[in-house]
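Here's the structure we're looking at; comments come further down.
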Amino acid sequence: MNLTNQLLIATPEMQDERFKRAVVLICEHNEHGALGINLNDPSTVTFSDVLANLDITETTDSLGQAVYEGGPVNTQCGFILHQSTLAFESTLQVAENLRLTTSKDILEAIAHNLITENWLLALGCATWDAEQLEGEVANHDWLLTPASNTLVFSHDSDRWDLALSQMGIKPHQLSGDIGHA
């Protein structure tokens, strides 16, 4: 099972408070574990704050774009999901038209209006050890659906409702008895 470029949608019975109503894009999944970015937890940190902290001059009109709490791991690091094909120091290809970059050079490119494609900045990420995520999926902690750039880069204030809607599910239809007859 490879869950790269899949969305994990937290069920209402999610026990981990950090992932209540989470929509997590799995960016990498292999025999060593998984790495994902929570797309549904806005941060109080602004893009302008991030640039100022890194001494990057602001020359962009994207300063109002939301920053997200990507997960509880490496919360001081920026993870930028984007559709740009420009080359950066540290980029992981998630899907044909979706990449994850963690190097400062992409923030400089955004700040200088060199990126015209969609992008999203998250602070931190979520990680799972080998077979941990598979166990959580088998335990029905998560619903799975293929990722779409429309949802990843949506400006909707609640991607959890949007992700469920794209699956044809209304929140009131979910029950704590998922997977049980």
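The values are calculated or read from the model by the stated rules, or taken from the named source; none is laboratory data. Since the model is a prediction, treat every value here as computed from it, not as a measurement. Heads up, the Cβs are rebuilt from the backbone with ideal geometry, glycines too, and the neighbour counts pull from every protein chain shown.
Screening the range 64-81 for residues that are more than 13 Å from Ile37 (Cβ to Cβ) and surrounded by fewer than 14 Cβ atoms within 10 Å (Cβ to Cβ) and picking the one that is modelled with the lowest pLDDT gives Gly64.
In summary, Leu144 fulfils each of the numbered conditions (1) within 16 Å of Cys27 (Cα to Cα); (2) surrounded by 19 or more Cβ atoms within 10 Å (Cβ to Cβ); (3) aliphatic (A, V, I, L, M) with the single exception of condition (2). For the range 129-141, the condition holds for no residue, the condition being that it is in a strand (DSSP E or B), among the aliphatic types (A, V, I, L, M) and within 26 Å of Leu174 (Cβ to Cβ). Residue check: Asn113 meets all listed conditions (1) at pLDDT 90 or above; (2) part of a loop (DSSP other than H, G, I, E, B) but one, namely (1).
Of the residues in the range 142-159, how many are in a helix (DSSP H, G or I) and over 12 Å from the mean Cα position of the chain (by Cα)? Qualifying residue count for the region: 1.
This table checks each residue for (1) under 22 Å from Arg18 (Cα atoms); (2) among the hydroxyl-bearing types (Ser, Thr, Tyr); (3) exposed (fewer than 13 other Cβ atoms within 10 Å of the Cβ).
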| site | (1), (2), (3) |
| --- | --- |
| Ala87 | no, no, yes |
| Ile115 | no, no, no |
| Trp119 | no, no, no |
| Ala126 | yes, no, no |
| Ala130 | yes, no, yes |
| Glu134 | yes, no, no |
| Leu162 | yes, no, no |
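Within the set Leu86, Leu51, the sole residue that is out of contact with any strand residue (DSSP E or B) (no Cβ under 6 Å at 6 or more places or on another chain), closer than 20 Å to Asp105 by Cβ and part of a loop (DSSP other than H, G, I, E, B) turns out to be Leu86. Within the range 89-109, if we keep just the residues that are in a loop (DSSP other than H, G, I, E, B) and without any contact (Cβ under 8 Å) to a residue 40 or more places away in the chain, the residue that is nearest to Pro146 (Cα to Cα) turns out to be Glu96.
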